[in-house]
Amino acid sequence: MDKSINSKKFHLNKTTRSNLITYGMVIAAYIIVQILVNGGHVTSLMKGLLVPLCIYSIMAVSLNLTVGILGELSLGHAGFMCVGAFSSSLFSLLMLETIPNAGIRFFLAILVGAASAAVAGIIVGIPVLRLRGDYLAIVTLAFGEIIKNVVNVIYLGKDSRGLHISLKNATELNLEEGGQIIINGAMGITGTPKNATFTIGVILILITLFIVLNLINSRSGRAIMSVRDNRIAAESIGINITKYKLMAFAISASLAGVAGVLYSHNLSSLTATQKNFGYNQSIMILVFVVLGGIGNIRGSIISAVILTLLPELLRGFNTYRMLIYAIVLIVMMIFNWAPALIDFRKRHSLKRYFSKNTEEKEAS
Amino acid sequence: MKKSMKKLAGLGLTLAMAAALTACGGGDKTTETTAGKAAETAAAGETTAGSTAEGTYKLGAIGPITGSTAIYGQAVKNGAELAVNEINAAGGIGGVQIEYNYQDDEGDTEKAVNAYNTLKDWDMQMLVGTVTSAPCIAVGAESSNDNMFQLTPSGSAVDCAKFDNQFRVCFSDPNQGAASAQYIGEHKLATKIAIIYDSSDVYSSGIHDKFLSEAANQGLEIVADEAFTADNNTNFSVQIQKAQDSGAELVFLPIYYSQASLILAQAKQMGFETQFFGCDGLDGLLTVENFDTTLAEDVMLLTPFAADAQDDLTVKFVTAYQEKYGEIPNQFAADAYDAVYAIKAAAEKGGVTPDMDASTICDILKVSMTEISINGLTGENMKWSADGEPDKAPKAVKIVDGVYTAM
C-alpha cells in the first residue's frame, strides 16, 4: 500500500520502487512473525527456525551478488560462511571476559566475521578473477573444501602465557593447568554464546539488502554488470575489470561471513562438516539463487525461506521427506523456469492481475 | 506491465510466506492434537490392559536416520523402540505407558535443534539423544535452557554431558582413549604402536588425543601417527605403509568399522600382518557386507557390548532385535536400550508422574539418576555420577573364528 502512495507522491523510478518492495517484504514478514510470536501462535520449531531463515536469506542474497550481478559461478560460498563463523566464534570466546556486554561483543564479532571472510574472498579472488570462464567455479569449490579441512586440523588454546596454535593435536599445545582449548580440531568450537536473535537477523538482512541493492544501482554496480554482459566492451571503455570483479566478490564473501557469524552464534557447537560448510551447502545456496532467479535479489530471499522451511514442514513424512523435498524442488524449478509454463502462467493465472493493474492505473 | 507483474508476484509470495508461517503453526497444532488423541486412545487401551495411572510419558529421541551416520541413528531408534515396547508390554513406567517419538537430525547440529524443537512442540517430557556428539552439544545448550532431562546413548564427546540435565550411557572419548592405552600397557600387548585415525571425526580424534597422552604414562612408543579425513577414507595405503615401515607391533584404530574393514583388507593385500586394536567403533565389523571375516581374525576391541555374549539379557535382546529388525544389533542399539531402561529406573525411583511438566521431571531425574544402579546390556551395576558420566567397566573382546570372544 505504502508503495502505491510513494509512487503517486514522489514518482519513484522503477528500481527504487522495486527495492522498497523488497525492504517492505522483509519488514512485513518480520512484523507478522513478531505478532504471531507474541500471540503465542508460533511453535518451538518455527521459533528455532527464524534465525536459520535469516542466515540462508543473507547467504542467498550474497551469492546472488556473485552469480547474478558479477556473473561468476561460485561453488564455495559455504567456505566464506565457515571463515566468518569460526573467526567470529573465536573472537567471541576470547573476548568473553574482556567485553562483558553481549551486544557490543556480538556487534564486533559480526565485523570480525565480515572482515575475515572479505580477506579470504580477496585472497581467493586476486589470482582467480583474472581467469575467465568456469575457473572461478572450480577454484571456489576447492577453496571451500580447503577451508573446511584446514579448520578441522586447527587446535588453538589459551592459557596465561597467551595463545597457542597447533596443526597436529591438542596435546601439542602444551597448555598450562587451567588452560582452555578453544578450537579443538575436528571437534570445532563449543560454547559460543548464543547471541543471534531473529531481530538481529532481520536487521542484518536489511543491511545486506541495503549494501547489495545500492551497489547494483551505483556506478560501480553498473561497471560490474557491464563486465558480466560483455567483458571486451567493458575493457575497451576503460573499466578496470579485475578491480570491479574483486569488489563484488569481496563484498559477497563478507556478507557470507556475516551469515556465518549468525550461524555460529545460534548454535553452541560449531564443527566444520560436509553438511554445514561443505560443497553440499554451497550448492544448496546456489539452488536458492537459481530458484529465486539469478540476479533477482528478492527472489533469492523468498526461495531461501521456502526451501529452508520445506524440509522441516515435511517432518511428518519421516524418511520420505527427502524424496518429497526433491520432488517439490523439481516441480518448483519446472514451474518457475520451464518456458512452456512461463507462457502458461502469463496467459492464465496473472490475467486477473493485469486487468486489476490497468484499473489501478486508470484510477491514479 | 512486467514490473507490476513482478510486484504482484512478490506480494503474492509474501502473503504465501506469511500464510505458510501461520499454516505451519496451525498445522503443527493439528498434528499435536491428533497425536494427543492417539495418546488418549493408547491410554484407553492400556487401562483395559490393567494400568492404573492416567496419561502417558512422552519420550522423545533424536538421531540421524538419513545421511552418513544414519546407521548409528537407526540402531538407536530400533534399540530404544524395542525397550519402549518391552516396557509398555510389561505395564510401563510405574504403570504408565510410554509414547515414543524419534526425530531425524541428519547428523547436523542445526537440524538437531530443529528436531528438538519439533519434539518440544509434541510436549516431550524426557529426551534420549542425540546419537552423535556435535548435535548433542548443540541440543544440550537448548535442553539445559529448558531444563529438559537428556540422556544420550552414544554422545561421547566430553561436552555432551556438560550441563547438569545431561547424562550419557556410553563412555566418553577420553575415557576410551585412556582405557585403551592402559589396557595395552597393562597387558603388555605391544610397545611400538602405530595409530591410524580420522582427524575430521570428533569421536576418533577425541580418543586419539587422550590415547597419545596416556600412552606416554604407560611407556608405549608411538612410532607412527597417521590421520585421514572423511573426504579421503577409501584408500589407506599411505597410512598403512608408514605404519608398516615404522615397525609397529600394534596398530591402534580408534575409528568406525566401515573404514576399519577397508584398512584390514588393504593391510592384508600389502602383506602387513600385525595386531589391530580398536574401540567400540569397531563393533559392527563382522556385519559389513562382502567383508571377509577372516581378515578380522585376532582383532581386539574395547567395547561395552558384544552381540554374542551369552548372558540372558544380551541373548534376549539380540533375539528380539533380530526378529524385529532382521539384523544383529550393534553397540549403539544396546546403549539406546539401556538408556530407556535407565530412564525407567530413575523415573520409578524418583516417583515421577506423567502429569508433571518436563522441567519438574528433569529436577527429579537429575537426583534419582545418581541413585539408581541397573544391570544393562553395556555393563553390570551401571551407576551415574552427578556430572552425567556412567560408571561401568570396559570389556575387551577378541575376534576368534569370526566371533567375539571375551578376553
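Observations
- C-alpha center-to-center spacing [region B:223-294, region A:16-73] in angstrom: 47
- Distance between the modelled labels on residue B:123 and residue A:197, one decimal in nanometres: 3.0 nm (7 Å Cα→Cβ projection).
- For region B:260-407, with +1 on Lys and Arg beta carbons and -1 on Asp and Glu, the positive-most of B:320, B:293, B:372 along the dipole: B:372
- In this simple spin-label approximation, residue A:243 and residue A:104 carry label points 7 Å from Cα along the Cα→Cβ vector, and these lie 3.8 nm apart.
- Cα→Cβ-extended label distance, 7 Å offset, between residue A:347 and residue A:218, nm: 4.5
- Selected from A:260, A:56, A:295, residue furthest toward positive end of dipole (chain A; charges at beta carbon): A:295
- Residue order, fewest to most beta carbons within 10 Å, for B:302, A:73, A:63: A:73, B:302, A:63
- Length-normalised contact order for chain B - Cα pairs under 8 Å, 6+ apart - percent: 16
- Shielding by other protein chains, A:176-186, mean Cβ within 10 Å: 3
- FRET efficiency, 1/(1 + (r/R0)^6) with R0 30 Å, evaluated for residue B:216 and residue B:310 via beta carbons: 0.20
- Take the Cβ atoms of residue B:327 and residue B:374, set R0 to 35 Å, and the FRET efficiency comes out at 0.90.
- Listed residues B:155, B:140, B:376, most fluctuating in chain B (Gaussian network, C-alpha, under 10 Å): B:376
- For residue A:131 and residue A:165, the difference between the fully extended length at 0.36 nm per residue and the C-alpha to C-alpha distance is 8.8 nm.
- Debye, to nearest 20: dipole size of chain A, +1 on Lys, Arg Cβ, -1 on Asp, Glu Cβ: 1240
- The phi-based Karplus calculation (6.51 cos²θ - 1.76 cosθ + 1.60; θ = phi - 60°) puts the 3J(HN,Hα) values of region B:206-211 at x, 5, 4, 4, 6, 4 Hz, whole numbers, x for Gly and Pro.
- Fewest-first sequence of A:255, B:295 by Cβ atoms within 10 Å of each Cβ: B:295, A:255
- In plain terms, the chain from residue B:294 to residue B:191 could stretch by 34.5 nm, reckoned as 0.36 nm per residue minus the Cα-Cα distance.
- Exposed GluC sites (Glu not before Pro) absent - longest run of chain A, DSSP non-H/G/I/E/B, at most 15 other C-beta within 10 Å: A:178-364
- When chain A is treated as a GNM with alpha-carbon contacts under 10 Å, the residue of A:341, A:141, A:163 showing the greatest mean-square fluctuation is A:341.
- Our summary gives region B:174-303 a relative contact order of 25 percent, counting only alpha carbon pairs under 8 angstrom and 6 or more residues apart.
- Above-threshold pairs, the threshold being 20 Å between Cα atoms, out of A:47/B:120; B:77/B:344; A:47/A:194; A:275/B:111; B:77/B:383; B:111/B:210: B:77/B:383; B:111/B:210
- Cβ-placed point charges (K, R +1; D, E -1), dipole of the protein assembly as shown about Cα centre in debye, nearest 20: 5460
- When you filter the trypsin sites (Lys or Arg not before Pro) in region B:125-207 for DSSP loop state and at most 13 other Cβ atoms inside 10 Å of their Cβ, you are left with B:188.
- When both region B:316-380 and region B:192-211 are represented by their alpha-carbon centers, they are found 30 Å apart.
- In order through region B:266-271: 3J(HN,Hα) via Karplus (6.51 cos²θ - 1.76 cosθ + 1.60), integer Hz, x for Gly, Pro: 5, 5, 4, 4, 7, x
- Peptide B:111-118 has a mean of 6 when you count, residue by residue, the C-beta atoms of other protein chains within 10 Å of its C-beta.
- Footprinting exposure proxy for A:348, A:77, A:41, B:208 (fewest neighbouring C-beta atoms within 10 Å first): A:348, A:41, B:208, A:77
- Averaged over the residues of A:26-33, the number of partner chain Cβ atoms lying within 10 Å of the residue Cβ comes to 3.
- Mean Cα-pair separation over length for chain A, i.e. relative contact order, pairs under 8 Å, 6 or more apart, %: 28
- If you run the Gaussian network model on chain A, springs between alpha carbon atoms under 10 Å, then out of A:230, A:336, A:195 the most flexible one is A:230.
- Maximal additional length on extending the residue A:111-residue A:27 stretch stands at 27.9 nm, based on 0.36 nm per residue less the C-alpha distance.
Read-outs throughout are calculated quantities, based only on the coordinates presented, and are distinct from any laboratory measurement. A quick note: this is a predicted structure, and the numbers were derived from the prediction, not measured. Note that we place each Cβ from the backbone using ideal geometry, even for glycine, and neighbour counts take in every protein chain shown.
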